[in-house]
Amino acid sequence: MSADLEPSVKPIVTIPPVITIDGPSGSGKGTIAHRLAVKLGFHVLDSGALYRLLALAAQQHGVQNNNEAALQVLAAHLDAQFQDNQGEAMLVLEGEDVTHSIRTEEIGAAASKVAALPSVREALLQRQHAFRETPGLVADGRDMGTVVFPDASLKIFLTASAEARAERRYKQLIGKGFAADLAAIVEDIKARDLRDSQRAVSPLKPADDAIVLDSTALGIEAVLSKVWEAAQNTPNLQQFLTKQ
Ligand code: DC
């Protein structure tokens, strides 16, 4: 058969679906994203961890948080991996396990500063897109639904009052045996919210088509069931929900 007589077979290209969960620090988005990804068998992207890894790398290499040119280079060549450690994410920076050391308040505040730099965000964009793999992705952060995955199938914006988020953080620290000052945590959270939502690029804000959920008075299970209900009402997620 000559080439032009062969039936044309077009490959069916399916782009893996994405669910985005954006919101401020302490809103519970990380826990919800992880639980949802496990329920669906999806991959998960903790985009805040990328900014935290960059902030830690900058600290280790003596790069200041406002040195945009050096931070852009560091971001483009960031030697970091997200590895699976029995279902939990293990974060490795330049060969070292930094899973816990990136979670300090100091690194969180530094991450919020480096994240305000446009060329840093641009340098990390491609890396975030690479997480979109079959069968699908749950991505959490600040700009997942607005900038990184604007075509996401379902967008959730999870919020809670600064006081409720501070109290959760306070209980977490006390539970781990650390000393904590509730008033100072409230102030830190408010300062970070302000920086994250007032920056010029990719500010913290719900996408126009996001479902906004306020978790101030809701526990994790209640939030998860609302998100699950939203997924059930999303046509191109149907095939993944039948697993449950
Ligand atoms: O979610 P988190 O607290 O781990 O994020 C740390 C900081 O990173 C946060 O203060 C703002 C920044 N960030 C961002 O600018 N964009 C994202 N998509 C995720 C986090």
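The values are calculated or read from the model by the stated rules, or taken from the named source; none is laboratory data. Since this is a predicted model, take the numbers as computed values, not measurements. Reconstructed Cβ throughout: ideal geometry from the backbone, glycine too, with neighbour counts over all protein chains shown.
Quick look at the numbers
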read-out	value
Segment 146-156 - residue that is more than 23 Å from residue 113 (Cβ to Cβ) and not aliphatic (A, V, I, L, M) and, of those, surrounded by the fewest Cβ atoms within 10 Å (Cβ to Cβ)	151
Single unsatisfied condition, residue 216 versus (1) under 17 Å from the mean Cα position of the chain (by Cα); (2) part of a loop (DSSP other than H, G, I, E, B); (3) polar (S, T, N, Q)	(1)
Selected residue [without any contact (Cβ under 8 Å) to a residue 60 or more places away in the chain and more than 17 Å from the chain's Cα centre (by Cα)] from 231, 183	183
When residues of segment 120-134 are limited to those that are out of contact with any Leu (no Cβ under 8 Å at 6 or more places or on another chain) and surrounded by fewer than 16 Cβ atoms within 10 Å (Cβ to Cβ), the one farthest from residue 225 (Cα to Cα)	122
Yes/no for residue 121 being assigned to a helix (DSSP H, G or I) and of a type in the set (Lys, Arg)	yes
So residue 211, is it within 29 Å of residue 121 (Cα to Cα) and at pLDDT 95 or above	yes
Residues that are in contact with a strand residue (DSSP E or B) (Cβ under 6 Å, 6 or more places away or on another chain) and either aliphatic (A, V, I, L, M) or free of Cβ contacts under 8 Å to residues at least 40 places away in the same chain (or both), drawn from segment 35-48	36, 37, 44, 45
Qualifying residue in segment 166-173 (condition: farther than 23 Å from residue 40 by Cα, within 12 Å of the ligand (Cβ to nearest atom), surrounded by 14 or more Cβ atoms within 10 Å (Cβ to Cβ) and modelled with pLDDT of 95 or more)	no
Check on residue 215, at positive phi and buried (at least 18 other Cβ atoms within 10 Å of the Cβ)	no
Where residue 109 falls short, out of the listed (1) surrounded by fewer than 14 Cβ atoms within 10 Å (Cβ to Cβ); (2) within 20 Å of residue 201 (Cβ to Cβ)	(1)
Scope segment 66-100; condition among the polar types (S, T, N, Q) and surrounded by 14 or more Cβ atoms within 10 Å (Cβ to Cβ); matching residues	67, 72, 99
